[in-house]
Amino acid sequence: MTASASPSPESPITTVVFDLGGVLIDWDPRYLYRQLLATDEAIEAFLDEVGFSGWNHTVDAGTTTWTDAVAALTAAHPHHRELIEAYPLRFAETLSGPIEDSVAVLRELDELGLRLLGLTNWSAETFPVALERFDFLALFDDIMVSGAERVAKPDPEIFALLVGRHGLDPARTLFVDDKQANVEAAARAGLIGLRFLDAATLRADLEAAGVLRPRP
């Protein structure tokens, strides 16, 4: 089992908190840049040169707007202006679709009556694209978006906000994320952190935790 801790019989899981991108939604900036650059090597070189991951995280964390983030990065890399500007303008093209097998697990948890929450590192400006496109997001009681909260995982503050806002018992709350650093941060906050690898492993881990019944 990939969880950082396990529930006890005295404290069964009552709430499951899901990351979105990479767990339930297939997001990757490469989906966009494959339309703009000729080779995967060129894409990786571009992403590395501009420090895409860190740049994107600043907007996810709500420390800047896309307008200001684009201006700052194009000032540093003017020869990549069009590629940089394309990302927020064509953000919808970075979303391939739902990860269907993971969404099926989410629906099972909903049918069991567990409380479902979302906790995602996502720009407040682009998150409406996902809300409009993915109807399964309505299954969540609430989705905390880092860009709106102005703090992003793995900062402990966002886990404190999650627990406080929703009155969670951390020992009865399972947190699912594809980033190990986020899982470890959740565990430090007292939640049961579970690293997402793929939908089959997620189901197996939920069965091992006693949240889902094994399939016959």
Rounded to the nearest 20 Debye, what is the dipole magnitude of region 137-216 about its Cα centre when Lys and Arg each give +1 and Asp and Glu each give -1 at the C-beta?
160 debye
State the Cα centre-to-centre distance between region 47-105 and region 192-212 in whole Å.
30 Å
Taking Val176, Val151 and counting other C-beta atoms within 10 Å, the order from fewest to most
Val151, Val176
Let's see if you can work this out: charge +1 on each Lys and Arg Cβ, -1 on each Asp and Glu Cβ, no other charges. What is the dipole magnitude of the chain about its Cα centre, in debye to the nearest 20?
420 debye
Given a Förster radius of 25 Å and the C-beta distance between Thr58 and Asp169 as r, what FRET efficiency does 1/(1 + (r/R0)^6) yield to the nearest 0.05?
0.15
For Lys153, Lys179, which order do you get if you count the other beta carbons within 10 Å of each Cβ and list the fewest first?
Lys179, Lys153
Options Asn56, Gly210, Pro156, ranked by Cα towards positive dipole end of the chain, top entry (Cβ charges):
Gly210
Exposure proxy check on Phe52, Phe175: fewest-to-most Cβ neighbours within 10 Å is Phe52, Phe175
With label points built 7 Å along Cα→Cβ from the Cα atoms of Arg188 and Ala71, find their separation and express it in nm.
3.4 nm
Mind pulling the per residue volume of the convex hull built on the Cα atoms of region 28-94? Å³ is fine.
78 Å³
5 Å is the cut-off here: which amide hydrogens, built 1.01 Å from N in the peptide plane, fall below it relative to Asp142, excluding neighbours closer than 5 in sequence?
Gly118
Length-normalised contact order of region 83-214 in % [C-alpha pairs under 8 Å, at least 6 apart]:
19 percent
Around Phe196, under 12 Å between beta carbons, what's the net of Lys plus Arg minus Asp minus Glu among the other residues?
-3
One quarter of the convex hull surface, Cα atoms only: what value does that give for the chain in nm²?
12.3 nm²
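Read-outs throughout are calculated quantities, based only on the coordinates presented, and are distinct from any laboratory measurement. If you're wondering where the values come from, they're calculated on a predicted model, not measured in any experiment. Methodologically, a virtual Cβ is constructed for each residue, glycine included, from the backbone with ideal geometry; neighbour enumeration extends over all protein chains shown.
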